[in-house]
Amino acid sequence: MSTPPIDWAHHNGNGNLKSQDSLCAVAEFEEFDFSKVLDKPRTLNIERQRSCDERSMSELSIGLSPRLLASKLENFPRPGEHLDHAFSPVHKSGLNTPRSLLLDSHSILPEAWEALRRSLVHFRGEPVGTIAALDNSDENLNYDQVFVRDFVPSALAFLMHGEPDIVKNFLLKTLRLQSWEKKIDRFHLAEGVMPASFKVFHDPVRNRETLIADFGESAIGRVAPVDSGFWWIILLRAYTKSTGDSSLADQPECQKGMRLILSLCLSEGFDTFPTLLCADGCCMIDRRMGVYGYPIEIQALFFMALRCAMLLLKPDAEGKEFMERIAKRLHALSYHMRSHFWLDLKQLNDIYRFKTEEYSHTAVNKFNVIPDSLPDWIFDFMPHHGGYFIGNVSPARMDFRWFCLGNCIAILSCLATPEQSVAIMDLIESRWEELIGEMPVKVCYPALENHEWRIITGCDPKNTRWSYHNGGSWPVMLWFLSAAAIKTGRPQIAKRALQIAEARLLKDNWPEYYDGTHGRYIGKQARKCQTWSIAGYLVARMMLDDPSHLGIIALEEDRQLKDPVLKRSNSWTL
């Protein structure tokens, strides 16, 4: 029997949110079947019903061991199995939501929404994004701009709350900026490059507003953002999925924008790997941190953007050509990442026993990694049951650091196999103190220290050990962690992390990041009222309250990418 809709919150005259009814009491997660709530038809007028299949939920219970869960994956409907059919209608949070998923009734949701709305940026009367931070205590630098990367959690929050127009405006404005001529000094950037950020300039003389974009020419380090284009495609798919409206993506301008982005990253060159070669500082970790080469974050976003583009491109003459190129690249990329970037106890032991200077295609140590380069910390960090995608793989170099964003995106995009996804969550649970601590979530682990820090970061004073990108804790990572936890049927991980964050975030005024080995201290240079800290919390909370929101961002497993066979070129034929 259906239940009449009840809004969990409403707007007052000033646009602020006020809690309407107290949320349901906390119960046990075992009462709820995630595979049922995610299997929803694509329709705007949807009546949501409670699903309580006790037999199915027993498979997802907290008491089930990760190993047993992994062994049953092939025979059990996976959480997220039907994500591509999931739909997220408006005003969902709290409506007939399973009691097992709700947190305490004293949430900070109203305050978070009020803060998010204060960050809105308007251009000629329409909201077009959110600024990076509202903190005016120090020099703004570029924190008063709208970043493509930073806006994504804000966009997801608005989509989940039934306010897609803001996201549509943002997508169209950034698309217009992509077409601008991009010049740094005397060098012209490629046509498909998306801006890192933009700001609204009020011209008092002409009495009009204009947009000013930054493609990297004003950024610290002058690095163009590789991830902006990927996030734009991912967000376009999220908008289409949330609204059920494909007319925006079908517009010739959007189709051309996607093709321009794809032309950049699918171009042929000298690479013998399907991964994407990148400079240091081209992604969320936007300062020198030794992530040059083939960083896991970019490869996971690259994979997800390619899969989203396959769903969005029109099968016309130009679209079909790109779809064929994407399909080939996805097969090679998934094989490469799952084989060479994956690390668990077995693989660690194999690397420990590697022989070097191997020649020919029969080589086991394909990248000529020296076993002595294995860091001491990795042997204690790696649990018996668990694994993760390491930070980087290139000739004679493996970066064994754990990076949160790349591993979570690998789960959401299905770059990770179902077994690997389970193993990543096993690792997080096994190393909770190191990766979650007193403020979720570590952006990477461990921190660079001493001589290694001097060489790799260039003595960057902002990236001292356990601070900022060098092992700092970032609240925005909550939404990545929560989405991955829900997709793998481990919502208790998301709930536990959110309870930790809720105890401090509002009291600390939504800092950008936290410092220390356990995230105990507000970052020494952290901006307050950081917008993506606010939005990251909102998205995580709304997904936990209503798991069907996961369908906006997560993808289903592509059966064609399962156990792919990588064909060698004719040059290998004897």
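The values are calculated or read from the model by the stated rules, or taken from the named source; none is laboratory data. A quick note: this is a predicted structure, and the numbers were derived from the prediction, not measured. FYI the Cβ positions are ideal-geometry reconstructions off the backbone, even for glycines, and counts take in every protein chain you see. Please note that ligands, DNA and RNA were not included when accessible areas were found on the heavy atoms of the full protein model with its side chains. Shrake-Rupley method; radii C 1.70, N 1.55, O 1.52, S 1.80 Å.
Averaged per residue, what accessible area in Å² does the range 108-552 show with a 1.4 Å probe, protein chains only? Numbers along the way, then the final one.
On the way: 16620 Å² over 445 residues.
With the other protein chains kept in place, the range 108-552 gives 37 Å² per residue.
To the nearest Å, what is the center-to-center distance of the range 497-567 and the range 381-441, using C-alpha atoms only?
Taking the Cα centre of each part, the range 497-567 and the range 381-441 sit 15 Å apart.
Ordering Val364, Val291 from largest to smallest accessible area (1.4 angstrom probe), what's the sequence? Mind dumping the intermediate values first?
Numbers: Val364 100, Val291 10 Å².
Order by accessible area, largest first: Val364, Val291.
Calculate the translational D of the range 108-552 in whole µm² s⁻¹ from Stokes-Einstein, where the hydrodynamic radius comes from the Kirkwood formula applied to all Cα pairs, the temperature is 4 °C and the viscosity 1.567 mPa s.
Stokes-Einstein gives a translational diffusion coefficient of 58 µm²/s.
With θ taken as phi - 60° and the coefficients 6.51, -1.76 and 1.60, list the Karplus ³J(HN,Hα) couplings across the range 357-368 in order, rounded to whole Hz; mark glycine and proline as x.
For the range 357-368, the Karplus-derived couplings read 6, 7, 10, 5, 6, 7, 4, 7, 8, 5, 9, 6 Hz, x marking Gly and Pro.
Read phi for every residue in the range 311-323 and hand back ³J(HN,Hα) as whole Hz from Karplus 6.51 cos²θ - 1.76 cosθ + 1.60, θ = phi - 60°, with x for Gly and Pro.
Couplings: 7, 9, 5, 7, x, 8, 4, 5, x, 4, 4, 5, 5 Hz.
Say the cut-off is 29 Å between C-alpha atoms; which of Lys183/Lys366; Lys182/Lys524; Lys199/Lys462; Lys183/Lys256; Lys314/Lys366; Lys442/Lys507 go over it? Write down the numbers at each step before the final one.
Working: Lys183/Lys366 39 Å; Lys182/Lys524 34 Å; Lys199/Lys462 25 Å; Lys183/Lys256 21 Å; Lys314/Lys366 39 Å; Lys442/Lys507 20 Å.
In this structure, Lys183/Lys366; Lys182/Lys524; Lys314/Lys366 exceed 29 Å between Cα atoms.
Between the range 207-273 and the range 310-344, what is the separation of their alpha carbon centroids in Å?
17 Å
Cα-based Rg (one decimal) and Dmax (whole number) for the range 145-269, in Å?
Expressed in Å, the Cα Rg and Dmax of the range 145-269 come to 15.0, 48.
According to a simple spin-label model (label point 7 Å from Cα along Cα-to-Cβ), what is the distance in nm between Asp245 and Arg186?
In this crude spin-label approximation the distance works out to 4.8 nm.
Largest first, how would Ile390, Ile184 line up by accessible area (1.4 Å probe)? Show your work: numbers first, answer last.
Working: Ile390 5, Ile184 35 Å².
From most exposed to least exposed: Ile184, Ile390.
For Val200, Val393, what's the largest-to-smallest order of accessible area, 1.4 Å probe? If you can, show how the numbers build up before the last one.
Values: Val200 30, Val393 0 Å².
These residues rank, largest area first, as Val200, Val393.
Estimate the FRET efficiency between Ile455 and Glu253 by the formula 1/(1 + (r/R0)^6), using the beta-carbon distance for r and 35 Å for R0, to the nearest 0.05.
Once the sixth-power term is evaluated, E becomes 0.20.
Treating each Cα of the range 213-302 as an identical point scatterer and ignoring solvent, apply the Debye formula and state log10 I(q)/I(0) at q = 0.10, 0.15, 0.16 Å⁻¹.
Once normalised to I(0) and log-transformed, intensities are -0.31, -0.67, -0.75.
With the full set of protein chains in place, find how many percent of the accessible area of the range 257-411 is carbon and sulfur; take the probe as 1.4 Å.
Details: 3550 of 6700 Å².
Answer for the range 257-411 is 53 percent, counting heavy atoms of protein chains only.
Counting other Cβ atoms within 10 Å of each Cβ, which trypsin sites (Lys or Arg not before Pro) in the range 209-281 have at most 15 and sit in a DSSP loop?
On the way: sites: Arg222, Arg237, Lys241, Lys256, Arg259; in loops: Arg222.
In loop regions of the range 209-281 (DSSP not H, G, I, E or B), the sparsely surrounded trypsin sites (Lys or Arg not before Pro) are Arg222.
Are there chymotrypsin sites (Phe, Trp or Tyr not before Pro) in the range 231-315 that DSSP marks as loop and that have at most 14 other Cβ atoms within 10 Å, and which are they? The partial results should precede the final answer.
Values: sites: Trp231, Trp232, Tyr239, Phe270, Tyr292, Phe302, Phe303; in loops: Phe270, Tyr292.
Hits after loop and neighbour filter: Phe270.
Per-residue accessible area for Met542 at 1.4 Å probe radius, Å² rounded to 10?
0 Å²
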